[in-house]
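Working notes for the structure below.
The values are calculated or read from the model by the stated rules, or taken from the named source; none is laboratory data. The structure presented is a predicted model; accordingly, all values stated were derived computationally and were not measured. Cβ coordinates were reconstructed from backbone atoms using ideal geometry, including for glycine residues, and neighbour counts include every protein chain displayed. With ligands, DNA and RNA removed, areas are computed over all heavy atoms of the protein, side chains included. Shrake-Rupley method; radii C 1.70, N 1.55, O 1.52, S 1.80 Å.
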Amino acid sequence: MERYCLECGEKLSGRSDKRFCCDSCRSNWHNSKVNRNDSYVRQVNGILHKNRRILQQYYESGRRRIGRHELFGASFNPDFYTSCSKWPLRRFYRCYDMSYTILPDGGIYILKAKKSSYKAEE
């Protein structure tokens, strides 16, 4: 019975349970499976990381309060955040360890979470 490589279709020789002709075919085949399944997750995670990086840059520069248009002009995407908590007067949106809230005048105030709040509750 003839066997062929799952990736390139080349004829296989050797062990009876061999599925690929070489390491690069094996790697390509497995990577293509992972890429198809996780592309949406990677895309969303990339947007979240970009949002966090933008918030952190403003925070570290000492600018805690900025205009909404300035933040959105820096390619910040407000539709993506990791969590949202509602307090009596405001909502706080969190992007990993960086948080922000929208002020009544339309400005945005940036906060950073304390290290102790990273731990999961027991």
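Worth pointing out:
- Taking the 1.4 Å solvent-accessible surface of the chain as the whole, the part contributed by carbon and sulfur is 50%.
- Here's the list of aspartates and glutamates a cross-link from Lys18 could span, going by alpha-carbon distance under 17 Å and ignoring same-chain residues fewer than 8 apart: Glu2, Glu7, Glu10.
- Measure of compaction for segment 24-91 (Cα Rg per 2.2 N^0.38 Å): 1.60
- Here the dipole of segment 8-82 is about 80 debye; that uses its Cα centre as origin and unit charges on the Cβ of Lys and Arg (positive) and Asp and Glu (negative).
- Length-normalised contact order for segment 10-120 - Cα pairs under 8 Å, 6+ apart - percent: 20 percent
- Pairwise alpha-carbon distances in segment 15-56 exceed 11 Å for 71% of all pairs.
- Cα-based helix-to-principal-axis angle, 23-60 vs the chain, degrees rounded to 10: 10 degrees
- Heavy-atom accessible area per residue - segment 38-114, 1.4 Å, Å²: 65 Å²
- Options Gln43, Cys5, Phe80, ranked by Cα towards positive dipole end of segment 1-80, top entry (Cβ charges): Phe80
- Kirkwood radius and radius of gyration were both taken over the C-alpha atoms of the chain, and their ratio Rg/Rh is 1.30.
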